[in-house]
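Below is one structure, written out as structure tokens; the observations come after it.
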Amino acid sequence: MVDRSDDASCLLGLAGLAVERVVLTVLGMKIVQVVTDDPDAARCPSCQVCSTSGKDWVLTRPRDLPCGGEFLVVQWRKRRWRCRTEDCPRGSFTEQVAQVPAGMRTTTRLRAALAVAVEDGRDQSEVAAAHRVSWPTVQRAVVARGAAELVEPEPVRVLGMDETRFGRPRWLPDGVHADGRIRWVRTDPWETGFVDITGEQSLLGQVDGRTSAAVQAWLAARSPEFRAGIEVVVIDPHAGYAAAVRAALPDAAIAVDHFHLIMLANKAVTAVRQRVTRDLLGRRGRKIDPAWANRRLLLRGRERLSQAALARMWNGCVDHDPSGQILSAWIAKEELRALCATAARGGHPGEIRDRLYAFYQWSADAQIPELTTLAETIETWWPAIEVFLATGLTNARTEGTNRLIKQVKRAACGFRNRENYRRRVRLHCTRRIRRLSARNPTVPA
Ligand SMILES: [Zn+2]
């Protein structure tokens, strides 16, 4: 047995293997010949008894990380042992150490490095080339890491849901009609991501589509403790999500960021302006039209307009829109903003109720279809807005996760396999906190 504290073995750093000699070939390649230096290597994997009956020798060349920037050829001459234990089903076995398990042609530390490189957002082909291994080898390492690291999410208090687009919609053949024509189905280019908003778990999972059924299926696949632990769900104003939450999490409150509603109000102002211009001029707005020139001022908040800009916008609307609809829409938008501002600074409930009533009244009296729709939408989502204003919980973290998802997609230049894509995205999104909790046990995993 070789003393494993010798310098060369120490430099190579493969526990359980000792360097016997290093051969430099004429091509400049270093061949490191190693021997077993682990008494447990002769332990039968079936019955755990150490064998002393050698059968023959096997030469294996596990791929390893570069040593000092150089790729070495590691040659391990290992024994095949007979198992002499009675009743043990295994006749013989080869030695194995933690860094080179039986049947593996790569070292454990190489596979870990491959998976971490991909997890950090590097392209899988590039990682394969850099480590001189094949793409499937990297893929197997990533799959193994995903299986070990991506565990079922812990219960969360605040769940965020957000939609992301997964490529373009495609038409795929799906069987044949009775009359022989091919049946085509459109793939759903959307997917929904679930995010831990207040905890440290980042991306909890993803599902295809953004329908109520898709979200409910994901929630149903979680544990009862997970569903019971959710107090608030933060969503975009999307009816499918709200329906799923009401069905699957009847006790959870829904929160919607009022920012989305102000965006809808701005859209309504633009829709009114475009319709009025078409009605008046019989065409779309152009640069020379005063209403068109005002289009940006109309979307700016009242408090961010100078006195002169406000006068220009106001007079432009009065002079060039005899129907007064553009100004009505703008006032409705400003009423809504004032309402949200009042609620956001924790205004008196009576004051909020009065402002809400003023907004509804104004929108109803205006008799403008776009404002009627807006008021209906606000009415639908107001309770969720109030939850948002009371808790201050936003989808900001979900949107941060979307940025990470885009990084992974960009690095990979697209994915054909969604399972691969999901694994890579979740590994990438959760890597920081998994590593933190591995280093520091006080941080909850
Ligand atoms: Zn055995």
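The values are calculated or read from the model by the stated rules, or taken from the named source; none is laboratory data. Every value quoted in this text rests on a predicted model; they were computed, and no experiment measured them. Backbone-built Cβ (ideal geometry, glycine too); neighbour counts: all protein chains shown. Note: areas computed on protein heavy atoms with side chains; ligands, DNA, RNA excluded. Shrake-Rupley method; radii C 1.70, N 1.55, O 1.52, S 1.80 Å.
Odds and ends about this structure:
- Within segment 258-391: Cβ-based charge dipole about Cα centre, in debye rounded to nearest 20 (Lys, Arg +1; Asp, Glu -1): 800
- Highest average packing first - 341-353, 399-411, 383-395, Cβ atoms within 10 Å: 383-395, 399-411, 341-353
- Kirkwood hydrodynamic radius of segment 377-442, Cα pairs, Å: 14.7
- Relative contact order, whole percent, for segment 5-64 stands at 20, derived from Cα pairs under 8 Å and 6 or more residues apart.
- Helix axis angle, 369-391 relative to the chain longest principal axis, alpha carbon, degrees: 50
- Ordering of 177-190, 13-26 by packing [mean C-beta count within 10 Å, highest first]: 13-26, 177-190
- Size descriptors for segment 236-384: radius of gyration and Dmax over Cα atoms are 17.0, 55 Å.
- Per residue, the average separation of C-alpha pairs within less than 8 Å and at least 6 apart gives segment 144-193 a relative contact order of 37 percent.
- The length gained by stretching the chain between R353 and L264 to full extension, at 0.36 nm per residue less their Cα-Cα distance, is 30.0 nm.
- Rg/Rg_ref, the chain, where Rg_ref = 2.2 N^0.38 Å and atoms are Cα: 1.44
- Extension gain for F415-R157 works out to 89.7 nm (0.36 nm per residue, less the C-alpha to C-alpha distance).
- In the chain, taking the dipole from charged Cβ atoms about the Cα centre, the farthest positive-side position among L280, T36, V185 is held by T36.
- Within segment 124-154, trypsin sites (Lys or Arg not before Pro) in DSSP loop having at most 15 other beta-carbon neighbours inside 10 Å: R132
- Cross-link partners for K55 among the lysines, with Cα-Cα distance under 19 Å and sequence neighbours closer than 8 places in the same chain left out: K78.
- Mean shadow area of segment 7-105 over all directions, Cα convex hull, nm²: 6.6
- Candidates R423, R286, R300, ranked by Gaussian network fluctuation over the chain, Cα under 10 Å, top entry: R286
- Bins of 5 Å, starting at 0 and running to the largest distance - Cα pair percent for segment 304-391: 3, 14, 21, 21, 16, 14, 8, 3, 0
- Between segment 98-128 and segment 2-47, the C-alpha centres lie 20 angstrom from each other.
- Seen against the Cα atoms of the chain and their longest principal axis, helix 258-281 is set at about 50 degrees.
- Protein-only accessible surface order, largest first, of H238, H320 at 1.4 Å: H320, H238
- Angle in degrees between helix 325-344 and the longest Cα principal axis of the chain, rounded to the nearest 10: 60
- Reported to the nearest whole Å, the Cα centre-to-centre distance from segment 155-210 to segment 219-294 is 19.
- Dipole of the chain [Lys/Arg +1, Asp/Glu -1 at C-beta], most positive-end residue of L114, L371, A329: L114
- Spin-label model distance (nm) - R283 vs A344, 7 Å beyond Cα toward Cβ: 4.0
- Nearest-0.05 FRET efficiency for R312 and E225, computed from C-beta distance (R0 41 Å): 0.10
- Computed FRET value (nearest 0.05) for R403 with T372, which takes r as the C-beta separation and R₀ as 45 Å: 0.80
- In this simple spin-label approximation, D319 and L59 carry label points 7 Å from Cα along the Cα→Cβ vector, and these lie 9.3 nm apart.
- Listed peptides 245-254, 270-279, 216-225 appear in the order 270-279, 245-254, 216-225 once ranked by packing, highest mean of other Cβ atoms within 10 Å at the front.
- Charged side chains reduced to their Cβ positions (Lys and Arg at +1, Asp and Glu at -1) give the chain a dipole of some 1700 debye around its Cα centre.
- Where labels lie 7 Å past Cα in the beta-carbon direction, separation of D40 and R82 in nm: 2.7
- Lysines with Cα under 30 Å of K333, excluding same-chain neighbours fewer than 8 positions away: K267, K287
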